[in-house]
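Participant: I am attaching a structure below and will ask some questions about it afterwards.
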Amino acid sequence: MDQRADAHPGLLPVQGMRAGDHAFLGYDDDEANWGALVAYTRTGLARGEKVIVFAAPQLDPDAVRLRLDGTSPLLAEARGRGQLTHSSMRALIRPDRRFTPERQWERLREETSLAVAQGYRGLRAFIDMHWVADLDADVATMTYRESHAGHLFDGRPYNEVCSYDRRAFDSDVLDAMSDAHPRSLLSALGELRVLHADDSVRIAGEADHATREPFATALRAALDRTAGSRLLVDLGSLHFLGARCALDLIDLVDHGHRVPGASGHGGVEVRCGAAQAVLLRRLGSGGVRHLTLTEVAREW
């Protein structure tokens, strides 16, 4: 578990990537990286975006295509019609042979414009950062590229995941790269991550049967810590909220105001997406006097 990444203010699951997002993904498990790539790709295809995959250059391109296609016939169909494409950093910057941020930015802007001209809602790119060693780029150049790429994303229909193999980069470089990205992704699908603050708790990932216990534990800790004051439960980075976990949230808040002698709270605000708000209301959140829901625009 990467505690630095978990505390990142832009923490979110890979399924939450949207136009304008530039995200850091750290991995030390190849299967977890494949899972993130497939989820990212399928989400983009479902949203009508074009997807370019820049896999690690040491991998055989045909093997990458076969593996992706094998996860779903939808991916194979998307590749057949050109919505899903595979490339490399060498091919992207061609005919240039030396990597420069300016050349890469130019080409990514061109690819974004092309995707829109082809009728797609935008472009998303999954870039495995093993290309750095492959092109013999220095860390300073990479750092400059990552920290000065905002113009690719601001108001533009483009989003990008930069996937860093933690076994291939020094820890100080990884920390700097995480800080350079406005977004940081959970390292594996199905995870639940919790960030506690004085008057809030932020929960990211998936709250389902497998993560129900840590979800409830985090809520209990936050409610106990803020007894007598207000608490913000931020579910804005939660990809999935299961019915049982939603009931746990309602029951835990309600219970704190029903126990004789309990100080209760000045109020518990749950910040969540529209779908989560619908679920909570259907399960009875409106009957808990001290519980309020605030819908946020970002949806998974």
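Since every read-out is calculated from the coordinates, none of them should be taken as a lab result. None of these values were measured; they are calculated from a predicted model. Counting neighbours? That spans all protein chains shown, and the Cβs are built from the backbone with ideal geometry, glycine included.
Participant: Would you be so kind as to identify which of 266, 190, 148 lies farthest towards the positive end of the dipole of the chain, taking Lys and Arg as +1 and Asp and Glu as -1 on Cβ and the Cα centre as origin?
Facilitator: 266
Participant: Right, another one. List the trypsin sites (Lys or Arg not before Pro) within segment 64-160 that DSSP assigns to loop and that have no more than 11 neighbouring Cβ atoms inside 10 Å.
Facilitator: Those satisfying the criteria are 97, 98.
Participant: Now for a separate question. With the Cα gyration tensor of segment 80-134 giving a ≥ b ≥ c as the square roots of its eigenvalues, does the rule (a/c under 1.5 for rounded; else a/b larger than b/c for prolate; else oblate) give rounded, prolate or oblate?
Facilitator: Cα axes put segment 80-134 in the prolate bin.
Participant: Another question, then. Between rounded, prolate and oblate, where does the chain land on the alpha carbon gyration tensor, with a ≥ b ≥ c its root eigenvalues, rounded for a/c under 1.5, else prolate if a/b exceeds b/c?
Facilitator: prolate
Participant: Hydropathy first: keep DSSP H helices in the chain averaging at least -0.5 on Kyte-Doolittle, then drop any whose Cα extent along the axis falls short of 15 Å, and list what survives.
Facilitator: The answer, listed by residue number, is 30-46, 61-71, 212-225, 243-255.
Participant: Report D for segment 192-295 in µm² per second (integer): Stokes-Einstein, Kirkwood Rh on Cα pairs, 4 °C, 1.567 mPa s.
Facilitator: 97
Participant: Based on Cβ point charges of +1 for Lys and Arg and -1 for Asp and Glu, what charge dipole magnitude is obtained for segment 88-242 about its Cα centre, in debye rounded to the nearest 20?
Facilitator: I would put it at about 440 debye.
Participant: Mind putting a number on the dipole of segment 43-147 about its Cα centre? Charges go on the C-beta only, +1 for Lys and Arg and -1 for Asp and Glu, and I need it in Debye to the nearest 20.
Facilitator: So the magnitude is around 340 debye.
Participant: How do 285, 87 line up, fewest other C-beta atoms within 10 Å first?
Facilitator: By the 10 Å Cβ count, ascending, the order reads 87, 285.
Participant: May I ask you to sort 247, 66, 291 by Cβ crowding, counting other Cβ atoms within 10 Å and putting the fewest first?
Facilitator: By the 10 Å Cβ count, ascending: 66, 247, 291.
Participant: Same structure again: Ranked by Cβ crowding within 10 angstrom, fewest neighbours first, how are 253, 116 ordered?
Facilitator: 116, 253
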